[in-house]
Amino acid sequence: MPAVGAPEIERVFREEYGRAVAVLARHFGDIDVAEEAVQDAFTVAVQRWPASGLPPSPAGWIITTARNRAIDRLRREASREDRHAQAALLHARSDPPEEGAVRDDRLRLIFTCCHPALATGAQVALTLRLLGGLTTAEIARAFLVPEPTMAQRLVRAKGKIRDARIPYRVPHEADLPGRLRAVLAVVYLIFNEGYTASSGDRLTREDLCAEAIRLGRLLAELMPDEAEVAGLLALMLLVESRRATRTGPGGGIVLLADQDRSRWDRGLIAEGQVIVRQCLRRNQPGPYQVQAAINAVHSDAPAAAATDWRQILQLYDQLVSLTPGPVVALNRAVAVAEVEGPDAALTLVDGLDLREYYLFHAIRADLLRRLGRTSEAALAYDAAIAHTGNAAERDFLRRSREALTRA
């Protein structure tokens with residue numbers, strides 16, 4: 001059996017961590033026990049797999065090893081009259097059957113973490129940690145907060161679940177709509193982390209994109225009457241359709257305007273556009289539906305020059321009215337630059353408080369470049385480079401800055 005290197009073990013971790021935690025959480029009825037057991041199993045994998053090779057079913061190996069490790073630890077703790085450990089061990093022996101509206105372990109874990117006893121931000125962050133296997137730093141980037149702040153939030157969220165004795169169980173049908181907003185936010189943030197990884201050498205993480213779309217499809221089956229569920233699925237499909245063209249042969253970033261549109265996935269585009277049209281007929285606009293419509297306009301254009309930027313700007317105006325915020329305003333400014341010019345867009349960007357967000361500096365740098373304000377653009381590129389942890393993004397920004405200097 002061939003030896004396994006660290007990159008392969010890391011790939012298995014990224015792909016299987018969330019599934020393993022979800023399965024073990026159902027098995028033991030305790031999220032902390034599940035997460036610790038899965039982490040223990042991967043520690044064992046790091047020790048054994050380099051010599052023994054990858055097992056036939058890495059996911060099955062991790063789940064079995066984690067289960068056995070957890071049971072051993074719970075038995076030791078239960079023998080010391082630890083009632084918490086005794087309860088988890090008893091739950092493991094009973095192994096409750098699948099039932100209720102949510103039949104997928106990972107989707108059920110999302111709904112469980114999105115319990116109304118937790119603040120919305122804590123719901124999203126905790127689920128990203130448990131299900132997506134994202135690091136605290138990656139989650140902090142998604143929330144635009146410092147890493148220590150996010151670490152404290154995660155600790156408090158787990159403490160809330162423990163102290164309030166929030167059960168790991170399927171929510172009743174009547175409870176599902178009330179938890180939908182946080183659930184959709186979780187799925188979308190998982191997709192965003194996959195589409196542009198916050199750290200590492202590669203721009204994307206295909207496993208997270210695939211998982212988010214899979215969860216989106218499950219949600220659409222579970223809640224077919226929710227327009228925003230359909231809108232999120234359409235948005236992810238349309239954005240995912242461009243993934244193969246976002247990087248060149250060497251892994252460098254290719255901007256939307258320069259992508260080979262003949263290589264876009266027409267099947268995903270067709271599916272996404274059908275859903276967008278269905279959403280329009282429902283006439284129940286929401287943020288995910290509007291974002292899906294924006295991407296549908298992009299996918300309609302046979303070439304970048306044919307993009308209907310005025311329609312996109314109108315959709316961003318609608319999005320701002322639905323969810324006002326600095327990130328939405330920043331994206332709207334990109335459309336303003338195409339319709340009204342870079343000067344008008346720069347005025348809008350300079351009024352935003354997003355100094356810790358790399359895209360703020362990257363967009364500002366491009367606008368300054370287009371206005372011929374070279375020295376200011378160079379400083380903005382430097383700030384963008386300093387605020388991104390993704391190697392592909394840094395390389396692209398450095399090349400842009402070097403081109404600016406040469407010019």
ask   = What about I294, is it in contact with a Phe, Trp or Tyr (Cβ under 8 Å, 6 or more places away or on another chain), part of a helix (DSSP H, G or I) and open to solvent by less than 50 Å² (accessible area, probe 1.4 Å)?
value = yes
query = Which helices (runs of 4 or more DSSP H) sit wholly inside segment 55-173 and have at least 2 residues that are touching a Pro at 6+ places or on another chain (Cβ under 9 Å), at pLDDT below 80 and under 28 Å from A220 (Cα atoms)?
reply = 105-113
task = Restricting attention to segment 308-336, report how many residues are among the small types (G, A, S) and not in a helix (DSSP H, G or I).
result = 1
In segment 374-407, residue modelled with the lowest pLDDT [restricted to those that are open to solvent by less than 40 Å² (accessible area, probe 1.4 Å) and of a type in the set (S, T, N, Q)] = N390
request  = Please identify the pairs in which a residue from segment 161-172 that is farther than 16 Å from L130 by Cβ has its Cβ atom under 8 Å from the Cβ atom of a residue that is at pLDDT below 70 and of a type in the set (V, I, T), counting only partners at least 6 apart or on another chain.
outcome  = V170/V102; P171/V102
query = Which one of Q311, Q318 is touching a Pro at 6+ places or on another chain (Cβ under 9 Å) and open to solvent by 30 Å² or more (accessible area, probe 1.4 Å)?
reply = Q318
query = Using beta carbons and a limit of 6 Å, which pairs, at least six apart or on different chains, have the first residue in segment 376-395 and among the charged types (D, E, K, R) and the second one part of a helix (DSSP H, G or I) and open to solvent by 10 Å² or more (accessible area, probe 1.4 Å)?
reply = R394/I385
remark   = Exactly one of R156, R205, R179 is of a type in the set (K, R), under 27 Å from L354 (Cα atoms) and surrounded by 18 or more Cβ atoms within 10 Å (Cβ to Cβ), and that residue is R205
query = What tally of residues in segment 224-256 results from selecting those that are of a type outside the set (D, E, K, R), open to solvent by 10 Å² or more (accessible area, probe 1.4 Å) and farther than 12 Å from L184 by Cα?
reply = 13
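Which of the following residues is open to solvent by 20 Å² or more (accessible area, probe 1.4 Å), of a type outside the set (F, W, Y) and touching a helix residue (DSSP H, G or I) at 6+ places or on another chain (Cβ under 6 Å): L359, L346, L371? Outline the logic, then answer.
On the way: L359 fails: touching a helix residue (DSSP H, G or I) at 6+ places or on another chain (Cβ under 6 Å); L346 fails: open to solvent by 20 Å² or more (accessible area, probe 1.4 Å).
Checking each option against the conditions leaves just L371.
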key: Among (1) of a type in the set (G, A, S); (2) surrounded by fewer than 18 Cβ atoms within 10 Å (Cβ to Cβ); (3) under 25 Å from D317 (Cβ atoms) - the single one S262 does not satisfy   = (3)
inquiry  = Taking the condition of being in contact (Cβ under 8 Å) with a residue 24 or more places away in the chain and open to solvent by 20 Å² or more (accessible area, probe 1.4 Å), how many residues in segment 321-330 meet it?
reply    = 4
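The values are calculated or read from the model by the stated rules, or taken from the named source; none is laboratory data. Given the structure is predicted, the values throughout are model-derived calculations rather than measurements. We place every Cβ from the backbone using ideal geometry, glycine too, and count neighbours over all the protein chains shown. SASA here: full protein model, heavy atoms, side chains in, ligands and nucleic acids out. Shrake-Rupley method; radii C 1.70, N 1.55, O 1.52, S 1.80 Å.
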